[in-house]
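Worksheet for the structure shown next.
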Amino acid sequence: MSGTKGISSFIVGIMTTHDPALFAGGLSAKLATRSRHVCGFLGAGTSKACGLPDVAALQARIKAQLQGDELTAFNRITSTRNLEQALSRLRRIQAVVEAGDVVDGLTGSQAKDLDTAICRLIITELTTSQVNLDPVRNLAAWVARANYVKPIELFTVNYDSLLEQALESQGVPYFDGFVGSLRARFRTDMVEATSGDADVWLPSFYARLWKLHGSVNWTWDTEAPNDQVIRLGSAIPAGELAAIFPSDAKYEESRRMPFVVLQDRMRRALNEPETLFLVSGYSWADDHLNELIFDAVGRRPRSEVVAFCYAEIPLPLADKALKTPNLQVITQKEAIIGGIRAPWSRPESTTTLPADVWNDDQCHLGDFAELATFLARSSSAPEPYSQLTEAGGPSGS
């Protein structure tokens with residue numbers, strides 16, 4: 001009997017598939033629910049879809065432009081760290097090294113000079129590279145039409161200004177935590193506000209843009225208490241430190257710095273009831289951010305996280321999704337839906353599906369450019385994709 005049961009389980013396992021039409025129809029229906037709290041989380045893959053380098057490519061480009069002692073120090077620090085970890089290490093050295101002391105072969109002033117050089121090269125690469133704004137413009141077109149009861153919240157770990165450009169090109173009003181134009185100040189009270197805080201609460205038609213790792217136009221105002229972060233009206237000038245990728249040293253100086261406040265905003269957004277949290281272009285390599293997401297799906301069963309992956313499913317994400325039915329993972333060739341990992345089934349009639357959903361026997365929603373096209377057609381008014389749901393049939397066989 002046990003042998004027969006094992007064979008049956010094996011047969012079911014190899015025959016299970018996921019239906020792309022059913023998934024697309026279900027996602028569209030969720031996006032059409034006005035009462036939903038809808039959020040997006042965008043990683044480096046979204047900017048890469050527009051033509052900018054990802055973290056690995058950015059690190060290689062910086063290495064190619066450094067020279068002499070700075071290149072030697074950069075190679076040493078990045079031998080066991082990526083670019084963001086290297087920046088954090090340099091800032092820790094600046095914070096703790098006293099005059100004349102050396103850590104990782106650097107004095108405090110040398111660490112600051114290298115930090116400044118790296119930031120300048122990052123800004124140059126992210127502001128002068130040729131880009132195609134169509135993917136983020138499609139995302140912004142969706143945000144512009146959204147009519148949810150709660151504001152759309154976009155979280156990103158990207159430093160570039162592509163999202164700002166796209167939102168402004170579509171005439172989308174948005175709030176990024178700062179008030180002002182030329183030297184904007186961070187307003188913690190407005191970031192943490194709820195609809196009950198009438199004096200600082202912005203209307204729901206204002207999208208929220210939260211840049212968790214800073215931006216090319218954020219810098220430190222050294223004349224303000226605790227070196228406050230300000231947002232400039234353009235990319236920071238040469239010689240100034242960019243406030244990108246927070247360091248532990250800055251956390252110690254002030255627990256209310258933007259980085260801490262914005263990560264807390266993400267935690268609270270994930271824990272709001274009926275949240276639909278769409279993740280795209282993220283490598284799932286940040287343990288702290290992963291913990292925020294995984295904790296929320298474990299404690300909020302009526303909320304959902306949908307992770308769109310361009311290629312392979314990262315191991316920590318797969319492990320969690322297999323045990324958490326409200327965490328779904330979508331790739332071109334397979335998906336984890338309802339805790340079941342299986343390939344996509346080929347629709348009986350591919351003509352019923354747009355190319356951004358299904359083409360060349362693959363589901364293309366893992367590609368941010370295709371996902372943005374899908375979202376651009378979506379609406380917070382009921383109806384889209386009802387035909388897809390009818391045509392799709394049941395998931396699995």
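The values are calculated or read from the model by the stated rules, or taken from the named source; none is laboratory data. Values in this document were obtained by computation on a predicted structure and should not be read as measured data. Don't worry about glycine lacking a Cβ; one is built from the backbone with ideal geometry, like all the others, and counts go over all protein chains shown.
Could you grab me the full set of residues in the stretch 175-194 that are touching a residue at least 24 places away in the same chain (Cβ under 8 Å) and on the phi < 0 side of the Ramachandran plot? Talk me through it step by step, then tell me what you get.
First pass over the stretch 175-194, keeping only residues touching a residue at least 24 places away in the same chain (Cβ under 8 Å): 175-178, 180-186, 188, 191-192.
Passing the criteria: Phe175, Asp176, Phe178, Ser181, Leu182, Arg183, Ala184, Arg185, Phe186, Thr188, Val191, Glu192.
Specify which of the listed residues (Ala111, Ala86) is surrounded by 19 or more Cβ atoms within 10 Å (Cβ to Cβ), within 30 Å of Cys309 (Cα to Cα) and not assigned by TED's automatic domain parsing to the domain that holds Leu375. Only one candidate passes the filter, namely Ala86. Looking at the stretch 302-311, is at least one residue touching a strand residue (DSSP E or B) at 6+ places or on another chain (Cβ under 9 Å), within 23 Å of Ala372 (Cα to Cα), at pLDDT 95 or above and of a type in the set (Asp, Glu)? Within the stretch 302-311 (the criterion being touching a strand residue (DSSP E or B) at 6+ places or on another chain (Cβ under 9 Å), within 23 Å of Ala372 (Cα to Cα), at pLDDT 95 or above and of a type in the set (Asp, Glu)), the answer is yes, since at least one residue qualifies.
As a summary of the residue check, Arg265 satisfies the conditions (1) modelled with pLDDT of 95 or more; (2) more than 15 Å from the chain's Cα centre (by Cα); (3) among the charged types (D, E, K, R) except for the one numbered (2).
Taking every residue in the stretch 114-143 that is within 18 Å of Gln94 (Cβ to Cβ) and pairing it with any residue that is of a type outside the set (A, V, I, L, M, F, W, C) and outside any helix (DSSP H, G or I), at least 6 positions away or on another chain, the pairs with Cβ-Cβ distances below 9 Å are Thr116/Gly239; Thr116/Glu240; Cys119/Glu240; Arg120/Gly239; Arg120/Glu240; Ile122/Tyr159.
Conditions tested, residue by residue: (1) in the same structural domain as Phe155 (by TED's automatic domain parsing); (2) closer than 24 Å to Cys50 by Cα; (3) of a type in the set (Ser, Thr, Tyr).
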residue	(1), (2), (3)
Val306	yes, yes, no
Ala311	yes, yes, no
Ala321	yes, no, no
Thr324	yes, no, yes
Lys333	yes, yes, no
Thr352	yes, no, yes
Val357	yes, yes, no
Leu365	yes, yes, no
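Looking at Arg92, Arg137, Arg185, just one residue is assigned by TED's automatic domain parsing to the domain that holds Ala207, of a type in the set (D, E, K, R), surrounded by 16 or more Cβ atoms within 10 Å (Cβ to Cβ) and more than 14 Å from Arg208 (Cα to Cα), and that residue is Arg137.
Which one of these is surrounded by fewer than 20 Cβ atoms within 10 Å (Cβ to Cβ), at pLDDT below 95 and either closer than 25 Å to Asn271 by Cβ or of a type in the set (Lys, Arg) (or both): Lys5, Lys63? Spell out how you get there, then give the answer.
Working: Lys63 fails: at pLDDT below 95.
Going through Lys5, Lys63 in turn, the sole match is Lys5.
When Ile123 is tested against (1) surrounded by fewer than 16 Cβ atoms within 10 Å (Cβ to Cβ); (2) among the β-branched types (Val, Ile, Thr); (3) outside the structural domain of Asn217 (by TED's automatic domain parsing), just one condition goes unmet, and that condition is (1). Would you check if Thr80 is more than 23 Å from the chain's Cα centre (by Cα) and outside the structural domain of Ser234 (by TED's automatic domain parsing)? For Thr80, the condition - more than 23 Å from the chain's Cα centre (by Cα) and outside the structural domain of Ser234 (by TED's automatic domain parsing) - is met. Being under 16 Å from Tyr159 (Cα atoms), crowded, with 17+ Cβ neighbours inside 10 Å and either touching a residue at least 12 places away in the same chain (Cβ under 8 Å) or assigned by TED's automatic domain parsing to the domain that holds Val149 (or both) is true of Leu58.
If we scan the stretch 297-308, do we find a residue that is under 21 Å from Glu84 (Cβ atoms), in contact (Cβ under 8 Å) with a residue 24 or more places away in the chain and in a strand (DSSP E or B)?
Residues of the stretch 297-308 that are under 21 Å from Glu84 (Cβ atoms), as a first pass: 307.
Add one more test, that the residue is in contact (Cβ under 8 Å) with a residue 24 or more places away in the chain, and what stays is 307.
Those left that are additionally in a strand (DSSP E or B): 307.
Yes.
Scan the stretch 218-234 and tell me whether some residue there is under 28 Å from Cys39 (Cβ atoms), modelled with pLDDT under 70 and not in a strand (DSSP E or B). Looking for residues that are under 28 Å from Cys39 (Cβ atoms), modelled with pLDDT under 70 and not in a strand (DSSP E or B), one finds none in the stretch 218-234, hence no.
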